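Derivation of every value follows stated rules applied to the coordinates shown; laboratory data play no part. These numbers come from a predicted model, not from an experiment. Cβ sites come from the backbone with ideal geometry, for glycine too, and all protein chains shown count toward neighbours.
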Amino acid sequence: MAENDNSTTLDELKTMVRTFCEERGWDPYHSPKDLAIGLVTEASELLEIFRFVRERELGDLMHGEESRQKMADELADSLYFVLRFAQLYKFDLSKCMREKMEKNRAKYPTKDPAPHATS
């Protein structure tokens, strides 16, 4: 399997998660509700890294090896639940994202550029 975002497909990641779960017999524990709870729990663990961190401390946190590893773990845990939900319940994440971005474009249009000054 490829090793980075540039060469790994969502399908490859879904397959990795599916295989991992099937090998452990976890299907009975992955209802939509359970997966949604897992996603929120993991996202909250990412948020916890930033609890009580002042704005001026964010740079050090974002560049620290240990803190970045914690963030990477929580991002991966969150992505796991997104991928598992999509894999089990037949959501095409690329299609979902494209459709949602179209809705976002309509909801949040770009501002018109400032009028050009004429001389």
When residues of the range 59-104 are limited to those that are surrounded by 14 or more Cβ atoms within 10 Å (Cβ to Cβ) and in contact with a Lys or Arg (Cβ under 9 Å, 6 or more places away or on another chain), the one farthest from Lys14 (Cα to Cα): Leu61
So for the range 15-24 (the condition being closer than 20 Å to Met71 by Cα, touching an Asp or Glu at 6+ places or on another chain (Cβ under 6 Å) and not acidic (Asp, Glu)), does at least one residue qualify? no
Conditions (1) part of a helix (DSSP H, G or I); (2) in contact with a helix residue (DSSP H, G or I) (Cβ under 7 Å, 6 or more places away or on another chain); (3) not small (Gly, Ala, Ser): number failed by Thr15: (2)
Here the qualifying pairs (Cβ atoms under 6 Å; residues six or more apart or on different chains; first in the range 45-61 and within 14 Å of Met71 (Cα to Cα); second surrounded by 11 or more Cβ atoms within 10 Å (Cβ to Cβ) and polar (S, T, N, Q)) come out as Leu61/Ser67
